[in-house]
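Reviewing the structure listed below.
Here, each number is a calculation from the coordinates, and none is a lab measurement. Note that this is a predicted model, so its numbers are computed, not measured. So basically every Cβ, Gly included, is an ideal-geometry build from the backbone, and we count neighbours across all protein chains shown.
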Amino acid sequence: HNTAPASTRYGPPLLVSRLYQPSNLRDVGQDSRLPGDMTCKSQRLMQQAGLIHPSNPGCYYYLPATVRSMEKLVRVIDQEMQGIGGQKMDMPSLCSADLWKTSERWDLMGKELFRLKDRHGGDYCLGPTHEEAVTTLVAHQATLSYRQLPLLLYQITRKFRDEPKPKFGLLRGREFYMKDMYSFDVSEEAAYQTYESVCQAYTRLFSRLGLRCVQVQADTGNIGGKLSHEFQLPADIGEDRLLVCGNCSFSANVETMSSDGTDCPQCETGTLVESKGIEVGHTFYLGKKYSQLFNATFSNAQNKPSVAEMGCFGLGVTRILAAAIEVMSTEEGIRWPGLLAPYQVCVLPPKKGSKVDEVALLADDLVHTLGEALPRLRGEVVLDDRTQMTIGKRLKDANRLGYPYVIVVGQGALEDTPRFELHDRTITDGNRS
Ligand code: ATP
Ligand code: MG
Ligand code: MG
Ligand code: MG
């Protein structure tokens, strides 16, 4: 009923012709050789749809649609981490070697650590993870009281690892986004509770994204500690081998198992079945390994200094994006977890020149009406204004990008009871593979 032209109410609509989604791979078949190390479905789809562009090995341009999707993922992660008391911070990526020498990881990390020197000859590395940094920060706080614990600090930042084999696009980069949270607790018991609440938050996160995820017992690797789990998305291209019992709740990464047998070590009656997974999250109960070294203490109820119990909790942010695309998509087009789709709706007006100017105007108006009626769709509806192209061609593009909803506006829109053609591509059946 607002008679002002639509464009003056909410600003101009988002036009597909103006979105920066460079896809120079449009007509290249999946078997052809493509630039970069194009080795899996998610990477091919993301490059074809103009979501990422390779720069140097293991490094990518994250193009605008990817950034939109990542910002949505970050929002969901923030909600879950802050829901269990996490406080967001941001630590330097440029890390002094001193800390890493103290923990002996300067040598342990070997070639995976990106090392550099500053102008004074000082040794540095680009942070692959931040146990040393966060523990020394907390150690510097003279007044930390037991009343302030548990303390949960997290960040979502770029991490750097000189992977021996960067591959599969964003699944294994040399520069990638990780959410890393570090917990400080008064006792072993309290630390276990924190550990449990983070695992529950991870489970909630993946279920909100509609991703089927398995929590398995895992190795502690060079991070160290006493207890560890990985969150794995079942997928054939996964690089981890998982053993899951058909009879009880037992599930583990093969790396943790010493025998070759297939009998379940927990219930002793079930048989272990092997599958492959993509590691999207990893939780560690660290104990006092780092807090002792860096002297991260708090004053206890007796006002005496006491060494904190720690945990650390990683989530592969860019890996989750690619892994979701990997397990949900078809070969022809991306399917997103609804919460992460860069745009929710694409409106398709008819091809130019078919005496349907009126219909085109209606399509333009529909974009605004949707935003007016459903506030969650504001800024989420794009108009595919490339009306020199047939509807069929544009539908194919929309399919490739995977808008959850596509609305085709045709002659039916001019009838007394306007009709639109709605293509619903939301996924209700979870992981495809
Ligand atoms: P992987 O076994 O795949 O090498 P990791 O065990 O070395 O991973 P962690 O140190 O546990 O990784 O880091 C926490 C999380 O960061 C991982 O669970 C994963 O989701 C993500 N991650 C690790 N390495 C990469 C990478 N090279 N590219 C993208 N994400 C990564
Ligand atoms: Mg690794
Ligand atoms: Mg691993
Ligand atoms: Mg790991």
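Restricting attention to region 388-415, which residues are among the polar types (S, T, N, Q) and out of contact with any strand residue (DSSP E or B) (no Cβ under 9 Å at 6 or more places or on another chain)?
Looking only at region 388-415, we keep the residues that are among the polar types (S, T, N, Q), and these are 388, 390, 399, 411.
Q388, T390, Q411 - these are the residues of region 388-415 that are among the polar types (S, T, N, Q) and out of contact with any strand residue (DSSP E or B) (no Cβ under 9 Å at 6 or more places or on another chain).
If the requirement is being of a type outside the set (S, T, N, Q), crowded, with 17+ Cβ neighbours inside 10 Å, within 19 Å of the chain's Cα centre (by Cα) and within 13 Å of ligand 1 (Cβ to nearest atom), which of these qualifies: L209, L242, L205? Let's see the steps before the verdict.
Numbers: L209 fails: within 13 Å of ligand 1 (Cβ to nearest atom); L242 fails: within 19 Å of the chain's Cα centre (by Cα).
Only one candidate qualifies: L205.
Answer yes or no as to whether L293 is assigned to a helix (DSSP H, G or I) and of a type outside the set (D, E, K, R).
yes
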> Can you find a residue in region 173-187 that is in contact (Cβ under 8 Å) with a residue 24 or more places away in the chain, away from ligand 2 (no atom under 16 Å from the Cβ) and farther than 23 Å from Q79 by Cβ?
Replying inline: yes
> Taking into account only those residues within region 256-283 that are among the polar types (S, T, N, Q) and part of a strand (DSSP E or B), which is farthest from ligand 2 (Cβ to nearest atom)?
Replying inline: T271
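Please note which strands (runs of 3 or more DSSP E) are completely contained in region 329-433 and include at least 1 residues that are free of Cβ contacts under 8 Å to residues at least 40 places away in the same chain and out of contact with any Ser or Thr (no Cβ under 7 Å at 6 or more places or on another chain). Full working, then the answer.
Values: elements: 345-348, 381-383, 405-408, 421-424.
Of the strands (runs of 3 or more DSSP E) lying wholly inside region 329-433, those with at least 1 residues that are free of Cβ contacts under 8 Å to residues at least 40 places away in the same chain and out of contact with any Ser or Thr (no Cβ under 7 Å at 6 or more places or on another chain) span 421-424.
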> If you go through region 234-255 one residue at a time, how many are within 23 Å of Y195 (Cβ to Cβ), within 16 Å of ligand 2 (Cβ to nearest atom) and touching a strand residue (DSSP E or B) at 6+ places or on another chain (Cβ under 6 Å)?
Replying inline: 3
>> Name the residue that is farthest from F160 (Cα to Cα), counting only residues in region 93-130 that are in contact with a helix residue (DSSP H, G or I) (Cβ under 8 Å, 6 or more places away or on another chain) and aliphatic (A, V, I, L, M).
In response: L99
> Tally time: how many residues in region 211-232 are within 11 Å of ligand 3 (Cβ to nearest atom), in a loop (DSSP other than H, G, I, E, B) and either aliphatic (A, V, I, L, M) or out of contact with any Leu (no Cβ under 6 Å at 6 or more places or on another chain) (or both)?
Replying inline: 5
> Can you name the residue in region 341-361 that is among the aliphatic types (A, V, I, L, M) and buried (at least 20 other Cβ atoms within 10 Å of the Cβ) and is also nearest to the chain's Cα centre (by Cα) among such residues?
Replying inline: A341
